[in-house]
Amino acid sequence: MRGTTGGARAVAALAALLTVGGCTAQAVDADGGPRGPVHIEVTGTAPATPAPSAPARSTPAPAASEDDKPSTAPAAPAPPPRVLWSPGDTGPGVRELQARLRQVAWLYDGPTGTYDDLTGQAVSGFQGKRGLPRTGETDTVTWQRLLDMTREPGQWELYLMGGQPADAPDPRCLSGRVLCISKSSRTMRWMIDGRTVSTLPVRFGSEYTPTREGEFQVYWKSRHHHSTLYDSPMPYAMFFSGGQAVHYSADFAARGYAGASHGCVNVRDEAAIAELFEEVRTGDKVVVHW
C-alpha cells in the first residue's frame with residue numbers, strides 16, 4: 001500500500017508540473033509502468049495580447065483667416081530732414097548756430113548773424129565728421145546733433161564780434177549831438193537831437209583799466225594817433241576823458257570780446273569809425289552809461 005500511495009503522489013506531482021508548464025506527459029499505472037500518452041488539459045489562461053490599435057488620426061488645424069495673417073504692408077517712410085538755415089539766411093538763429101559751431105571748433109569767425117561761406121563750410125565739415133550728408137545747410141538732424149554736443153551760448157558768445165541790439169538810450173542822450181555809449185549792450189549810438197543816426201558795437205577796458213562812466217565832451221580828435229604809453233595804434237581817436245578815447249581797434253576786429261582795451265572805447269568797423277570821425281565835432285557830448 002505504501003508503494004501505491006507513493007506512486008500516486010508522484011503521478012500527482014508530475015501532473016501539477018505539467019499543468020503549470022502546459023505540456024503533454026506520459027501517464028503511468030499504479031505499478032509505475034507506462035499506460036500510454038495522456039493529454040493533460042491546462043486550466044490556466046495565458047494573458048491575452050492586445051490587438052494593435054489603429055494609429056491616431058491628427059486633426060488638421062483650421063486655416064488662418066485673412067485677419068489672422070501678419071500684415072506685410074511696408075511702414076511709412078520717415079519724413080526727410082527739414083532745412084532750418086542755409087547760405088544767405090540771417091537772424092538770431094544763425095547767430096546761435098555760429099556760436100555753437102565755435103564751441104566745437106568748427107568756426108572761428110563771428111558770430112555775425114549771417115549764413116556766409118565760412119558758416120556753410122563749417123556746417124559741411126561738421127556733417128561729414130558725423131556721417132551726415134555734406135550739404136552745408138543746417139537741417140533738423142544736423143541741428144539736433146549740434147545741440148547734443150554744445151551748451152546754450154551766453155549773450156557775450158552770441159555777440160562776440162558785435163552786432164547786438166542796442167538798449168534804450170540814456171536820457172542825457174536825447175538832446176544835442178551825442179556819442180551815447182552803453183556798457184550793458186556794448187553799443188555806441190551816434191545821436192542828433194534824440195534821433196539815432198548809426199549804431200556800432202564797441203568794447204571797453206578791463207576791470208583793471210575800466211572805461212570811465214559819466215558825461216563828457218570830445219576835446220581832441222587825432223586821425224592817425226599812436227599811443228606812446230602802450231605803443232599801439234589808435235586811428236580815428238576822439239578823446240573825451242584824459243587818455244581815454246573812442247577809436248578803431250584792429251585787436252577788437254580780430255579777437256572780438258575775447259580781449260579788452262586799456263580804458264578806451266574800441267570800435268571794430270574801420271569804415272564806420274572813419275565815417276563817424278568826419279561827422280563828430282570837437283565839443284560834441286559823450287555819455288558813457290550802463
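Just so you know, all these numbers are worked out from the coordinates, no wet-lab data involved. Values in this document were obtained by computation on a predicted structure and should not be read as measured data. All Cβ positions, even for glycine, are placed from backbone atoms using ideal geometry, and neighbour counts span all protein chains on display.
Spin-label model, Arg130 to Arg281: label points 7 Å out along the Cα-to-beta-carbon direction sit 5.7 nm apart. Here the simple spin-label model places points 7 Å from the Cα toward Cβ, and for Arg195 and Thr228 these points are separated by 4.2 nm. Neighbours of Ala272 by Cβ distance under 12 Å: Lys/Arg scored +1, Asp/Glu scored -1, total -4.
Counting Lys and Arg as +1 and Asp and Glu as -1 over every other residue whose Cβ lies under 13 Å from the Cβ of Pro80, the net charge comes to -1. Neighbour counts of C-beta atoms inside 10 Å place Val123, Val287 in the sequence Val287, Val123, starting with the fewest. In terms of packing, defined here as the mean over residues of other Cβ atoms within 10 angstrom, the peptides 218-231, 248-261 line up highest first as 248-261, 218-231. Summing charges over all other residues whose Cβ lies under 15 Å from the Cβ of Lys129, with Lys and Arg as +1 and Asp and Glu as -1, gives +3. Each principal axis of the Cα cloud of region 228-290 was taken in turn, and the coordinate range along them, longest first, works out to 31, 29, 25 Å.
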